[in-house]
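S.K.: This structure is in C-alpha cells; I'll ask about it shortly.
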Amino acid sequence: MAIVELKEVKKVYPLGKTEVHAVKGVSFEICKGDFISIAGPSGSGKSTILNMIGCIDVPTEGQVLINGTETGGLSDRDITDLRHEVLGFIFQSFNLIPVLNVYENVEFPLLLGKSRMTKAEKSDWIDMLIDEVGLQEWRNHKPNELSGGQRQRVAIARALVTKPEIVLADEPTANLDSVTSEAIINLMKKINRDLGTTFIFSTHDPTIVDVADHIIRLRDGLISDNYRQDDARACRE
Amino acid sequence: MAAIIGIKMRDVKIAFRNLTRQKKRTILLAAAIAFGIYIITMINGFTGSFIENVSENFSNLLAGHIFIEGVEKSESGRTLSLVRNDDILMDAIEDNEVPWKYITKRSDMNATLIFEGETAQQTVTGADWDQEEYFKERIILTQGTFEDLQAERQGIIISEKVAEKINVEIGDRLLVKCRTYTGQQNVGEFVMTGMLVDSSLFGGSTAYANISYVNELLNLKPGEYMSMGIYLEDPDMIDETAENLYEDLKTRVSMFERNTGDDDENPIIAMLEQEDEEEWEGLRFRFMTLNDIMKEVQQIVDVLNTAALIILLVLFGIIMVGVTNTFRMVLMERTKEIGTMRAVGMQRGIVRKLFLYEAFFIAVIGVAVGLILAGITMLILMQINWGLDTPAFMLMKNGYMTFKMPVWQIFLNFGIVSILTLFAAFFPSNKAAKLQPADALRSTK
Ligand SMILES: Nc1ncnc2c1ncn2[C@@H]1O[C@H](COP(=O)(O)OP(=O)(O)OP(=O)(O)O)[C@@H](O)[C@H]1O
Ligand SMILES: [Mg+2]
C-alpha cells in the first residue's frame, strides 16, 4: 500500500478578484521508504503539493490519503495529531524556535504529544539525533548562534525526533551553499537508508534531484513526468 | 499539581522566554500596568484609612462613639443641656449589655479667659479625667500632664496658640468669665497646668478642665453633667448597639426621634430641628452616634472610591488598547513560528495558551511592580509628620498619613487587571491559533 496517495488533487488560491489555479488535478502514489524529489520550476506548485501532503493545507478538490486515511474528513485536532505522529517537517528557512536552544528545539515536538518513551529514553534519543547531525558541541546554543547549515541540521533532527514515517522538506537546501546542500542531502539520504523514513523533498536544483529514487516533475500545476528508478520495487508491501 | 490545572511547564517556559524577546516592549507594557496599579493602590490605600482616621478623630473630638445628651426645657421656654440623674441611662446601658470601654461624662461651657488684660474665647470642657483614658492617649501635651490637671481642682490645659495669645505660662492664674447653665453671669479662676499641641480642629478653641470646677462655674451639682459619651470596645458595633440602646431608652425616657429616614438629610440636623418644631416639655434626650455624624464623610469616601474605580477602568481601557496592539504586533512577528509549531503538532488551544500566559505574566509583573512602588511610596509618606495644624489633620492619624487596604481589594484589582489584560490578548491569540499552518508558514516575517 502507498504511504501517500493523491487523487485528482486541485488547489485554487483566491487572489483578489481572480483565482490562481496552483495545482490543476494531480494524482500519484508514494511508497514507504522512498526518497522522493518533487521538482519543477518556480510557481509550478511544489510547495502547494507538499503542504497538502503535510496536512498543513487542504486541497480545493480531490483527496489526500496518508496511510490510507482520507485526511479531508479529519478534525483539526486529529489532523494536528496526525502531523505530530506521522509527519516531520524541514523548512527552507529552517524555522527553529528562537527562544529554545538546539537540544530544546529538537525536543520540542516530543513535548507536544503523548509519548511511549521514558524520560531517559527521550534524552538518549535526542542526544543520539544531535550526534547524528553532528551538533553535539552546539547542544546548548540558540539558533541565532548557528550557521545556516547547522540550523538545517537541527531542523532535520527535530523532524526525526518523533520517529515519523514521512519527512517533508520544502526546498531544504535553497538557503544553503552547494557544499552544505550536498552534505544535508547526504544526511537525509543516510537517515532514509538507516531508518527507512520516507523523505519527500522539493527542489529545483538538478544535482540534488538526481539523488532521489522517485522523481515527480511538475509544470504549471500538472505532473509532466513521474519516474521511479527501481520500478520493480513499487509499493510492494 | 500543575498538570491537574492543565498548565505545562513547557508552555510556561516558552511563554516566559517569549517575554524576554522584546524586552523594551515587555517593560513598557508592564510599566503601564504598574502605573495603573500604583495610582489605584495609592487612592484605595488612602481612602481605606481616610474613613478610619476621620472617624477616630471625630470620636476623639466628641469623646465617644454613642452620645446621649439631656435637654431640659425651662419654664421660660429655654432649652438647657443637662443630665441631672443618669441612673436611668446607666441602667439601660447595663441591661442592654452595651460593650463599652469608657463612658465619659462631660460638661462644656463657653468662656472668656482673661490674663493681664488679654482675652481669648474658649470652649472649656470639663471631664472626669480618670474616665478619659482613650482621650488622654490621643491628645498631645507639650507641657504638663493630666495628673497635674487632676491635682489642681481649678487646673486648666490650654492650647499653645491661646497660651501665646494671652501670654500665660504654667502656674499662672487666669480669670474666667462665663454663664451658669441658667444664663447668669459668673466668674472664676483657673490655674494653667498644661499646654496642648495646637490644632485648628482639635484643640485650638477648646481648653480642658476638671468637671467638678466646671460644674461649679455652671452652677451644676456634683454628679450632674451635660453629655454622656460611650466608647465601645469595637467601633464596628456602633450601629447595632445604638439601635438596641435607643429602642430600650425610648421605653424608659422621652427621646428625640433619631432617624428621619430621609437619606439626604443629615440625621444630626434633623434631630436638632425637632427641638424647635415639636411641642414638648420637661426632659428629653438627644441620642446620636459617630456614624450619624460620619454619614457625610462616608459619602465623600464613596465618591473617592468610585472615582478610583473609574480611573482604574479608564486607565486600563487605555492599557488594554496597548495590550491588544502589542499582541497584534507580536502575532505578526511570530506568525511563521506559530506555523512551525502547528506543523510539528501543537494543538490550537496551546498556541492560544502561550499568548495568554505571556499576557498574564506581563500583568503579574506589572501588578507586582505597581504594588511594590505604591508600598514604598506609602512607607515614605507615613514617615512624614504633617503637623497637627493643617486642614488635612482630620484625614490623618496624629499628623501622620496612614494607608489601609484590605487584602481582598488588592486581589480584586489584580483580578480586574489580569482579566482585562487576558481579554485584550485573547483576540489576537485566538486569531493566531486559528491560522491555517500553511498560511502562517508563508508569512514573510
Ligand atoms: N497563498 C497563495 N495565494 C495565492 N496564490 C498562491 C498562494 N500560494 C501559492 N500561490 C500561487 O500558486 C502557484 C504555485 O505556488 P507554489 O508556492 O506551490 O510554487 P512552487 O513550485 O513552490 O514555487 P517556488 O519554487 O518558487 O517555491 C504560484 O503561481 C503561486 O503564485
Ligand atoms: Mg515553493
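The values are calculated or read from the model by the stated rules, or taken from the named source; none is laboratory data. Not measured: the values here are computed from a predicted model. Here Cβ is always computed from backbone atoms with ideal geometry, including for glycine, and neighbour counts include all displayed protein chains.
S.K.: Tell me yes or no: at least one residue of the stretch A:135-151 is over 26 Å from B:Val351 (Cα atoms), of a type in the set (Ser, Thr, Tyr) and either surrounded by 19 or more Cβ atoms within 10 Å (Cβ to Cβ) or out of contact with any Gly (no Cβ under 9 Å at 6 or more places or on another chain) (or both).
M.R.: Yes, there is a match, as at least one residue in the stretch A:135-151 is over 26 Å from B:Val351 (Cα atoms), of a type in the set (Ser, Thr, Tyr) and either surrounded by 19 or more Cβ atoms within 10 Å (Cβ to Cβ) or out of contact with any Gly (no Cβ under 9 Å at 6 or more places or on another chain) (or both).
S.K.: Select, from B:Ile384, B:Ile380, the only residue that is in the same structural domain as B:Ile39 (by TED's automatic domain parsing) and either modelled with pLDDT of 90 or more or not hydrophobic (A, V, I, L, M, F, W, C) (or both).
M.R.: Within the list B:Ile384, B:Ile380, the selection yields B:Ile380.
S.K.: Considering every residue within the stretch A:136-152, establish whether at least one is within 14 Å of chain B (Cβ to nearest Cβ), within 16 Å of ligand 1 (Cβ to nearest atom) and modelled with pLDDT of 90 or more.
M.R.: Within the stretch A:136-152 (the criterion being within 14 Å of chain B (Cβ to nearest Cβ), within 16 Å of ligand 1 (Cβ to nearest atom) and modelled with pLDDT of 90 or more), the answer is no, since none of the residues qualifies.
S.K.: Among the residues of the stretch B:311-346 satisfying the criterion of being under 20 Å from B:Ile27 (Cβ atoms) and within 13 Å of chain A (Cβ to nearest Cβ), which is surrounded by the fewest Cβ atoms within 10 Å (Cβ to Cβ)?
M.R.: So, considering only residues that are under 20 Å from B:Ile27 (Cβ atoms) and within 13 Å of chain A (Cβ to nearest Cβ), the one surrounded by the fewest Cβ atoms within 10 Å (Cβ to Cβ) is B:Glu333.
S.K.: Report, ordered by the first and then the second residue, all pairs with beta carbons closer than 9 Å, sequence separation of six or more or different chains, a first member in the stretch B:132-153 that is over 17 Å from B:Glu189 (Cβ atoms) and free of Cβ contacts under 8 Å to residues at least 24 places away in the same chain, and a second member that is assigned to a helix (DSSP H, G or I) and not charged (D, E, K, R).
M.R.: B:Lys136/B:Trp129; B:Lys136/B:Phe146; B:Glu147/B:Trp129
S.K.: Within the stretch B:422-445, identify whether any single residue is within 14 Å of chain A (Cβ to nearest Cβ) and of a type in the set (Asp, Glu), and answer yes or no.
M.R.: Taking every residue of the stretch B:422-445 in turn, at least one turns out to be within 14 Å of chain A (Cβ to nearest Cβ) and of a type in the set (Asp, Glu).
S.K.: Does B:Val351 meet the test of being out of contact with any Asp or Glu (no Cβ under 9 Å at 6 or more places or on another chain), touching a residue at least 24 places away in the same chain (Cβ under 8 Å), surrounded by 20 or more Cβ atoms within 10 Å (Cβ to Cβ) and within 13 Å of another protein chain (Cβ to nearest Cβ)?
M.R.: When the stated conditions are applied, B:Val351 passes them.
S.K.: So, A:Thr162, is that one more than 16 Å from ligand 1 (Cβ to nearest atom), modelled with pLDDT of 90 or more and within 20 Å of A:Ile49 (Cβ to Cβ) or not?
M.R.: The answer is no for A:Thr162.
S.K.: In addition: Working only within the stretch A:199-210, note down all residues that are buried (at least 21 other Cβ atoms within 10 Å of the Cβ) and away from ligand 1 (no atom under 16 Å from the Cβ).
M.R.: Within the stretch A:199-210, A:Phe199 is the sole residue that qualifies.
S.K.: Considering each of A:Ile66, A:Ile90 in turn, give the residue that is within 16 Å of ligand 2 (Cβ to nearest atom), more than 10 Å from chain B (Cβ to nearest Cβ) and buried (at least 16 other Cβ atoms within 10 Å of the Cβ).
M.R.: So the residue among A:Ile66, A:Ile90 that is within 16 Å of ligand 2 (Cβ to nearest atom), more than 10 Å from chain B (Cβ to nearest Cβ) and buried (at least 16 other Cβ atoms within 10 Å of the Cβ) is A:Ile90.
S.K.: Moving to a separate point now. For residues in the stretch A:69-87 being among the hydroxyl-bearing types (Ser, Thr, Tyr) and more than 10 Å from every other protein chain (Cβ to nearest Cβ), which is surrounded by the fewest Cβ atoms within 10 Å (Cβ to Cβ)?
M.R.: Ranking the qualifying residues of the stretch A:69-87, first place goes to A:Ser75.
S.K.: Residues of the stretch B:384-422 being without any contact (Cβ under 8 Å) to a residue 12 or more places away in the chain and over 15 Å from the mean Cα position of the chain (by Cα), which ones?
M.R.: Answer for the stretch B:384-422, where residues must be without any contact (Cβ under 8 Å) to a residue 12 or more places away in the chain and over 15 Å from the mean Cα position of the chain (by Cα): B:Thr390, B:Val407, B:Trp408, B:Phe411, B:Leu412, B:Gly415, B:Ile419.
S.K.: I need a count of the residues in the stretch B:84-126 that are over 32 Å from the mean Cα position of the chain (by Cα) and basic (Lys, Arg).
M.R.: The number of residues fulfilling the criteria is 1.
S.K.: Limited to the stretch A:27-42, what total is found for residues that are farther than 21 Å from A:Thr207 by Cβ and out of contact with any Asp or Glu (no Cβ under 6 Å at 6 or more places or on another chain)?
M.R.: Counting residues in the stretch A:27-42 that are farther than 21 Å from A:Thr207 by Cβ and out of contact with any Asp or Glu (no Cβ under 6 Å at 6 or more places or on another chain) gives 5.
S.K.: List pairs: first residue in the stretch A:157-171 and within 10 Å of chain B (Cβ to nearest Cβ) and more than 18 Å from A:Glu107 (Cα to Cα), second residue within 13 Å of ligand 1 (Cβ to nearest atom) and part of a helix (DSSP H, G or I) anywhere in the structure, Cβ distance under 8 angstrom, at least six positions apart or on different chains.
M.R.: Final answer for the pair search is A:Leu168/A:Leu50; A:Leu168/A:Ile53; A:Asp170/A:Lys46; A:Asp170/A:Ser47; A:Asp170/A:Leu50; A:Asp170/A:Asn51.
S.K.: Is it fair to say A:Asp34 is of a type in the set (D, E, K, R), more than 16 Å from ligand 2 (Cβ to nearest atom) and closer than 21 Å to A:Phe89 by Cβ?
M.R.: yes
S.K.: When residues of the stretch A:24-57 are filtered for being more than 13 Å from chain B (Cβ to nearest Cβ) and of a type in the set (Val, Ile, Thr), how many remain?
M.R.: Summing the residues that are more than 13 Å from chain B (Cβ to nearest Cβ) and of a type in the set (Val, Ile, Thr) in the stretch A:24-57 gives 4.
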